[in-house]
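Report on the following structure.
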Amino acid sequence: MTNFDKKAATWDQNPHTIERASAIAAAMRRRLPLQGRMRGFEYGCGTGALSFILSPLLERITLADTSEGMLEVLKSKISDSSVTNMTPLLLDLTQEEPPAGMGFDLIYTAMTLHHIADTARILRVFNSMLAPGGYLCISDLDEEDGTFHSGDFDGHHGFDRQKFQSELEEAGFADIGFETCYTIRKERDDVTDEYPVFLMTCSG
């Protein structure tokens, strides 16, 4: 069982989970012409907080994650809701090929990329999955000092926006823009540390 499998049952009990998802969704709506004929793909969907907010704006959404525990919670939430355009998928794009025949108008991922070692490869995969004229949205941490994760962590300590833009351009993306859409606050020893979260949008 992965760490995310263990956290899945209580994931949505953290009020900041929904607050952050709402802020990211609002920023996506400001920056992109979201409309009801778009086919969406969320990678690293967790329990689907972001996609539930976006579901009225999209025709259908494929929600992919590597955590079976998160997907079980997501399936239960879909079953208990009136949402009919969301399809969960167990998928690890760092190890597996993307499903054949799926050209998405919108690919988005939130707080997932810093867990992926080879970001250059996953960006190329995302580009290959986009339909002509499609958009990619990535929300993640700005570069931080390594204090965001407690204990052992072998991922990225956030991203420098300029370096990340160069990586996106090398992967074939254009019209790249950033904005700060949320700030995560963590209290330690009576000190509050702030970690800005960006939303990056671009076209394929």
Query raised in the report: GNM on the chain, C-alpha springs below 10 Å: top fluctuator among Glu143, Glu96, Glu194?
Result: Glu96
Report summary line: Scoring the chain by relative contact order with C-alpha pairs under 8 Å, at least six apart, yields a percentage of 19 percent
Report summary line: the range 3-203, Kirkwood Rh and Cα Rg, ratio Rg/Rh at 0.94
Requested in this report: Could you calculate, for the range 81-136, the ratio of the Cα radius of gyration to the Kirkwood radius, expressed as Rg to Rh?
Outcome: 0.98
Query raised in the report: 222 nm [θ] for the chain, helices only, -39500 (n - 2.57) per DSSP H run of 4+, per residue, to 500?
Result: -9000 deg cm²/dmol
Query raised in the report: Which percentage, to the nearest 5, of the DSSP beta bridges contained in the chain is antiparallel?
Result: 50 percent
Report summary line: GNM of the chain, Cα pairs under 10 angstrom: of Glu170, Glu97, Glu179, the biggest fluctuation goes to Glu97
Report summary line: Cα-Cα pairs in the range 1-121 separated by more than 27 Å, as a whole percent of all pairs, come to 12 percent
Query raised in the report: How long are the three semi-axes of the equivalent ellipsoid of the range 119-204, in whole Å, if each is the root of 5 times an eigenvalue of the C-alpha gyration tensor, listed from largest down?
Result: 28, 14, 10
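Here, each number is a calculation from the coordinates, and none is a lab measurement. Just so it is clear, the model here is predicted, and its values are computed rather than measured.
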